[in-house]
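To start, the structure under review is shown below, and the notes come after it.
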Amino acid sequence: MDLFLSGTARALQLRVVALVSDYDLSRVARVLRWYEALGSGTIDLLDAGAVRDLSPAERTRLTEAPVVIRALLGRFGARMPTLFLGPKSARPHAWTFRGGEAYALVPAGARAAMIAHELGHLLFQWPDLPYGERDGVRCLMGRIPLPDEEDGIVPPCMALRVAAGWAAPEPLSAGTPPSQLAEQRAFAWAGLLIERWQNRLVAFELSHTTHGPLVALRRVITIPPDSACALALVSRTTRAREDRLMGAVG
Ligand SMILES: [Zn+2]
């Protein structure tokens, strides 16, 4: 069933199937509201209930053999992104079969950050980013230890939000001072997508494939405190061999 909202925005639907009898959807619902606040548009949650007839053998094969999952998806019919809440031992992951059926699996009771990460794969086809704090990148899909706090979900970087169509990059011109590069906004410059985190500028290259967006980290630049022009910095650093410029350019 397709729902069309306000002409072009289409509501997403997420079906949740529990593979354990004791489950709670409130955390999943909270993650969906979190996505909506980021700009995803409405995401409807459909509680498909619990599957109680899995054998112990099937239960242990959930993460190692997709055949069980695929059979379950077939049982539920209509093709819809499906989140399985599995046993504690379930390894969180997301997958799309060749036929197009897509699912994610997290242990029931998973932290909100883990649910949000897997839903990033499932609902928006976001890739895992092979970058983390060490590279100067903080992103829901990055290589970071997920925070323990319930509400401490690291947001997706702006490049992924642009890829999802939730944000449009603002064009920059040479001479734009760093003070105008606010956080949580996307900027386009010289074919790169630039966002600011504290005193750093991170430049991504964004491309699209049939499997979803690809995000490549191009540069991380520390803005020197006395820098008058961020773009001159990006330009010089793009030509430089060093990826990081630690306040040496004025
Ligand atoms: Zn992942």
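Run down Leu206, Leu140, Leu201 and say which single residue is within 30 Å of Arg30 (Cβ to Cβ), outside the structural domain of Ala116 (by TED's automatic domain parsing), modelled with pLDDT of 70 or more and not in a loop (DSSP other than H, G, I, E, B).
Every option except Leu206 fails the conditions.
Report the residue count in the stretch 125-138 for those that are surrounded by fewer than 22 Cβ atoms within 10 Å (Cβ to Cβ) and either at negative phi or touching a helix residue (DSSP H, G or I) at 6+ places or on another chain (Cβ under 8 Å) (or both).
Number of matching residues: 8.
Can you say whether Gln180 is over 30 Å from Val17 (Cβ atoms), away from the ligand (no atom under 16 Å from the Cβ) and modelled with pLDDT under 85, as far as the supplied structure shows?
So Gln180 passes the test.
List pairs: first residue in the stretch 75-96 and surrounded by fewer than 21 Cβ atoms within 10 Å (Cβ to Cβ), second residue polar (S, T, N, Q) and modelled with pLDDT of 90 or more anywhere in the structure, Cβ distance under 6 angstrom, at least six positions apart or on different chains.
Met80/Gln13
Looking only at residues that are outside any loop (DSSP other than H, G, I, E, B) and at pLDDT 85 or above in the stretch 51-75, which one is farthest from His211 (Cα to Cα)?
Arg75
Mind checking which pairs have a first residue in the stretch 101-115 that is more than 19 Å from Arg33 (Cα to Cα) and a second that is of a type in the set (Phe, Trp, Tyr) and surrounded by fewer than 21 Cβ atoms within 10 Å (Cβ to Cβ), Cβ under 7 Å, 6 or more apart or different chains?
Final answer for the pair search is Tyr103/Trp95.
Among the residues of the stretch 102-117, write down those that are more than 13 Å from the ligand (Cβ to nearest atom) and touching a Lys or Arg at 6+ places or on another chain (Cβ under 7 Å).
Across the stretch 102-117, the qualifying residues are Pro107, Ala112.
Sort out which residues of the stretch 180-198 are surrounded by fewer than 17 Cβ atoms within 10 Å (Cβ to Cβ), in a loop (DSSP other than H, G, I, E, B) and not small (Gly, Ala, Ser), and write them in order of number.
So the first thing to find is which residues in the stretch 180-198 are surrounded by fewer than 17 Cβ atoms within 10 Å (Cβ to Cβ), and the list is 180, 182-185, 188, 190-191, 197-198.
Then drop every residue that is not in a loop (DSSP other than H, G, I, E, B), which leaves 182, 184-185, 190-191, 198.
Result: Gln184, Arg185, Gln198.
Rundown of residues vs (1) part of a helix (DSSP H, G or I); (2) within 16 Å of the ligand (Cβ to nearest atom); (3) aliphatic (A, V, I, L, M), yes/no style:
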{"position": "Ala90", "(1), (2), (3)": "no, yes, yes"}
{"position": "Gly100", "(1), (2), (3)": "no, no, no"}
{"position": "Gly152", "(1), (2), (3)": "no, no, no"}
{"position": "Ala167", "(1), (2), (3)": "no, no, yes"}
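Go through (1) farther than 25 Å from Val28 by Cβ; (2) within 17 Å of the chain's Cα centre (by Cα); (3) surrounded by fewer than 18 Cβ atoms within 10 Å (Cβ to Cβ) and name the single condition Pro177 misses.
It fails just one condition, (2).
Considering only the stretch 118-135, state which residues are away from the ligand (no atom under 11 Å from the Cβ) and closer than 16 Å to Ala167 by Cβ.
The one that is away from the ligand (no atom under 11 Å from the Cβ) and closer than 16 Å to Ala167 by Cβ: Phe124.
Could you tell me which of the residues Arg52, Arg143, Arg61, Arg138 is within 13 Å of the ligand (Cβ to nearest atom) and charged (D, E, K, R)?
Working: Arg52 fails: within 13 Å of the ligand (Cβ to nearest atom); Arg61 fails: within 13 Å of the ligand (Cβ to nearest atom); Arg138 fails: within 13 Å of the ligand (Cβ to nearest atom).
So the residue among Arg52, Arg143, Arg61, Arg138 that is within 13 Å of the ligand (Cβ to nearest atom) and charged (D, E, K, R) is Arg143.
Can you tell me which of Ala104, Ala110, Ala78 is in a loop (DSSP other than H, G, I, E, B), under 20 Å from Ile43 (Cβ atoms) and modelled with pLDDT of 90 or more?
Ala110
The values are calculated or read from the model by the stated rules, or taken from the named source; none is laboratory data. None of the values given here were measured: they were computed from a predicted structure. Using ideal geometry, Cβ is built from the backbone for each residue, glycine included, and neighbour counts are taken over all protein chains shown.
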